[in-house]
């Protein structure tokens, strides 16, 4: 006859296994494949990173997140990668985060949502008042009444090819070139 403590241990083991199986079945597909889902979005954090605190721009136009970045910043980069080949569409991304194309503020709003710091798209003028004043440590949004762009882990997220010797296309793109912040208000989310 088995002791009560042996039976209790086996029941506890079975309960832990049942809980683990249920948790795995309920988890998002991205989490099962090594990524983690962004709150309120379908963007997963990629497992591919580069060493350090600066993102890397690949020839394909895809950005690779820095290993040292917070998960929210990695989600921003993953979100930008998802729409980086979409065309520029005036007003695109304003009514909904999902759009056939994006304008400047629609594209910036899309990536800010992936970080969990924006609930609905904002136009450029409203982004001038979003968050807190000044540069962020990982994400800075530059906005004026007519245009907005962001700098994320050292890469510019912009619909404009300003400063590029070769135009990589209009629409949301990661860009390695700098852009003058003159005439823009710098804003950031408190944590980033």
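Here is a check on your reading of the model: is residue 72 out of contact with any strand residue (DSSP E or B) (no Cβ under 8 Å at 6 or more places or on another chain) and either under 15 Å from residue 174 (Cβ atoms) or free of Cβ contacts under 8 Å to residues at least 24 places away in the same chain (or both)? I'd like the intermediate steps shown before the answer.
Numbers: out of contact with any strand residue (DSSP E or B) (no Cβ under 8 Å at 6 or more places or on another chain): yes; either under 15 Å from residue 174 (Cβ atoms) or free of Cβ contacts under 8 Å to residues at least 24 places away in the same chain (or both): no.
Considered against the rule, which asks whether it is out of contact with any strand residue (DSSP E or B) (no Cβ under 8 Å at 6 or more places or on another chain) and either under 15 Å from residue 174 (Cβ atoms) or free of Cβ contacts under 8 Å to residues at least 24 places away in the same chain (or both), residue 72 comes out as no.
Taking region 93-116, which residues are closer than 22 Å to residue 70 by Cα and touching a strand residue (DSSP E or B) at 6+ places or on another chain (Cβ under 8 Å)?
107, 108, 110, 111, 112, 115
Looking only at region 158-166, decide whether some residue is in contact with a strand residue (DSSP E or B) (Cβ under 8 Å, 6 or more places away or on another chain) and assigned to a strand (DSSP E or B).
yes
Return the only residue of 149, 192 being touching a helix residue (DSSP H, G or I) at 6+ places or on another chain (Cβ under 7 Å) and at pLDDT below 95. So that I can check it myself, show each step before the final result.
On the way: 149 fails: at pLDDT below 95.
Just a single option satisfies the conditions, and that option is 192.
Restricting to region 79-102, what's the tally of residues that are crowded, with 24+ Cβ neighbours inside 10 Å and at pLDDT 95 or above? Spell out how you get there, then give the answer.
Initially, region 79-102 is screened for residues crowded, with 24+ Cβ neighbours inside 10 Å, giving 79-80, 92-93, 102.
Of the ones still in play, those that are also at pLDDT 95 or above are 79-80, 102.
Result for region 79-102: 3.
The values are calculated or read from the model by the stated rules, or taken from the named source; none is laboratory data. Quick caveat, the model's predicted, so the values are computed rather than measured. All Cβ positions, glycine included, derive from the backbone under ideal geometry; neighbour counts span all protein chains shown.
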